[in-house]
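Written below as structure tokens is the structure these notes are about.
The values are calculated or read from the model by the stated rules, or taken from the named source; none is laboratory data. All values reported here derive from a predicted model rather than from experimental measurement. Using ideal geometry, Cβ is built from the backbone for each residue, glycine included, and neighbour counts are taken over all protein chains shown. Ligands, DNA and RNA are excluded from the accessible area calculation, which covers all protein heavy atoms including side chains. Shrake-Rupley method; radii C 1.70, N 1.55, O 1.52, S 1.80 Å.
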Amino acid sequence: MNTPQLIQPDQIRAGFSRAMSEMYQTEVPLYSTLLQIVAQTNQQAMAEHPELKKHLARTGEIERLNMERHGAIRVGTAAELAMLRRLFAVMGMVPVAYYDLAPAGVPVHSTAFRAIHETSLQASPFRVFTSLLRLELIEQPELRQLAAEILARRTIFTPRALELIKRHEIAGGLTRQEADDFITQALETFRWHNAATVNAEIYQRLHDQHRLIADVVAFKGPHINHLTPRTLDIDAVQRAMPEHSITPKAVIEGPPARRCPILLRQTSFKALEEQVAFPQANGQSIQGKHTARFGEIEQRGAALTAKGRALYDRLLQAAQDELQQPACEKNANRYMALLSHHFSAFPDDHEAMRSQKLAFYRYFPTGKMPDIELKNRNSASLDDLINSGYIDFEPLVYEDFLPVSAAGIFQSNLGDKARTHFSEHSSREAFERDLGTPVIDELALYEDTQRRSIAACAQILGLPEILSD
Ligand code: OOG
Ligand code: NI
């Protein structure tokens, strides 16, 4: 008897990401519009900057650009988070990095599920920013208790999805048919439900405590709240949005515009007001409204080393300190000017960023082959090989998120009223306990990819070793 072939998790992830995008386009038509604007802007950016196109072709990013997107969900319990970890594992997605949003006034902490190897990222860079509500940050004990009871009653996964998750764990994978079934079943968890699970009065109490609490607790499942395409020119998309009757948030989160983009720049449009039915004691329901789902776009740049990241954090903080108040409509221009001013201290060419070890790079052989003298050496230095034209480099794209930006995105959809300050300190250990595993250190992943690219150069050039420090 033939054992049925198991299919690659990368393929399941790519299929799921496509299915999710299709579902969200029907759920939120504005997302379709956004996809069109982004596709157009990307075409234009590549046409206007042939250099950019050349770089993207060399790193392979050009192939993943149109399938590149991230989503976000928020869950309410440790059990939900732990099961999500097992669900994402079916698609080769593991939790990377810990983001604490409490200092920024959002009562959640988060991780991002994503693929980690460069070849997997190339097959499908789909990621999901996943937040766990911190019920302990709800001040009123009775409301906290009520929220916990409501959450304990719901199941956010279909029975078949749970079966297939176990099947994957036992068999080490899924067959093509099981994988198709899994995609359909898993999608159910992320679907929008236009009926709340609580009555209007409870919804209001949860909402008054924090809008986010109502969003997590009052529904049947953790509806995907946005899907974000990747653009090559976020400033152009930000300008184009109003022409399509979409109002973006006042400022773009993250670093300012640069010749050599770093990390992540993001902007979003306000959450939609959606009709929701609230069940009543008499068996009928009344109509109300809920705002949760929004649109977002992002531009990704180079992944920074710990040193580069410390410089980024310092310059961002300096710009925000000088502004003295949260960035908003009124001070947007001043904030952008302050940001550019402070970031002039961050080198804006890849030679400098590389030699100062501010960013991670991927190294490529140029095609020039070493002569006998070089071949006979025991080792060669990376810098020498670059200077003599054997090796070239491209920045590694940042695959993760930024807590300050994420808080800004949350806030823009919660209104200023939600700008609470939680004194509770960061709780990474509790998060990892709830998740059931430690989160992966993102810097180690970039380091690995960089190292593998150097090793590949050594092999192609026929050199025993390339020294990179
Ligand atoms: C997540 C907000 C954070 C990002 O791209 O930084 C985020 C949420 O609103 O649930 O998606
Ligand atoms: Ni996002």
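Of everything listed in (1) charged (D, E, K, R); (2) surrounded by fewer than 14 Cβ atoms within 10 Å (Cβ to Cβ); (3) more than 23 Å from D434 (Cα to Cα), the single unmet condition for R160 is (2). When A359 is tested against (1) at pLDDT 95 or above; (2) surrounded by fewer than 14 Cβ atoms within 10 Å (Cβ to Cβ); (3) among the aliphatic types (A, V, I, L, M), only condition (2) is not met. Look at K307 and say whether it is over 30 Å from E447 (Cβ atoms), away from ligand 1 (no atom under 16 Å from the Cβ) and open to solvent by 20 Å² or more (accessible area, probe 1.4 Å). Against the criterion (over 30 Å from E447 (Cβ atoms), away from ligand 1 (no atom under 16 Å from the Cβ) and open to solvent by 20 Å² or more (accessible area, probe 1.4 Å)), K307 does not qualify.
Out of the residues in segment 65-101 meeting the condition of being open to solvent by 10 Å² or more (accessible area, probe 1.4 Å) and assigned to a loop (DSSP other than H, G, I, E, B), tell me which one is farthest from D400 (Cα to Cα). Ranking the candidates gives T77 first.
A Cβ distance below 6 Å, combined with a sequence gap of six or more or placement on separate chains, defines the contacts here; from segment 226-242, residues that are open to solvent by 20 Å² or more (accessible area, probe 1.4 Å) reach residues that are within 15 Å of ligand 1 (Cβ to nearest atom) and not hydrophobic (A, V, I, L, M, F, W, C) in the pairs Q238/P248; Q238/T267.
Filter segment 187-219 for residues that are within 25 Å of I12 (Cα to Cα) and either within 16 Å of ligand 2 (Cβ to nearest atom) or open to solvent by 10 Å² or more (accessible area, probe 1.4 Å) (or both) and give the result.
Once the filter is applied, which keeps residues that are within 25 Å of I12 (Cα to Cα) and either within 16 Å of ligand 2 (Cβ to nearest atom) or open to solvent by 10 Å² or more (accessible area, probe 1.4 Å) (or both), segment 187-219 yields L187, E188, F190, R191, W192, H193.
Look through segment 211-223, keep the residues that are outside any helix (DSSP H, G or I) and touching a helix residue (DSSP H, G or I) at 6+ places or on another chain (Cβ under 6 Å), and return whichever of them is farthest from E274 (Cα to Cα). For segment 211-223, the residue satisfying everything is G221. Kindly indicate the residue of segment 102-121 that is at pLDDT 95 or above and more than 16 Å from ligand 2 (Cβ to nearest atom) and also farthest from the chain's Cα centre (by Cα) among those meeting that condition. Among those residues, the one meeting the criterion is T119.
Of all residues in segment 36-74, those satisfying the criterion of being aliphatic (A, V, I, L, M), within 19 Å of A19 (Cβ to Cβ) and within 16 Å of ligand 1 (Cβ to nearest atom) are A72, I73.
Remark: pairs (first residue in segment 393-416, within 11 Å of ligand 2 (Cβ to nearest atom); second residue open to solvent by 10 Å² or more (accessible area, probe 1.4 Å) and polar (S, T, N, Q); Cβ separation under 8 Å; 6+ apart in sequence or on different chains) = N413/T291. Checked against the criterion of being in contact with a Pro (Cβ under 8 Å, 6 or more places away or on another chain) and either loosely packed, with under 13 Cβ neighbours inside 10 Å or β-branched (V, I, T) (or both), the candidates I297, I286 yield just one match: I297.
Only one of the listed residues (A19, A79) is away from ligand 2 (no atom under 16 Å from the Cβ), of a type in the set (A, V, I, L, M, F, W, C), over 21 Å from the mean Cα position of the chain (by Cα) and at pLDDT 95 or above. That residue is A79.
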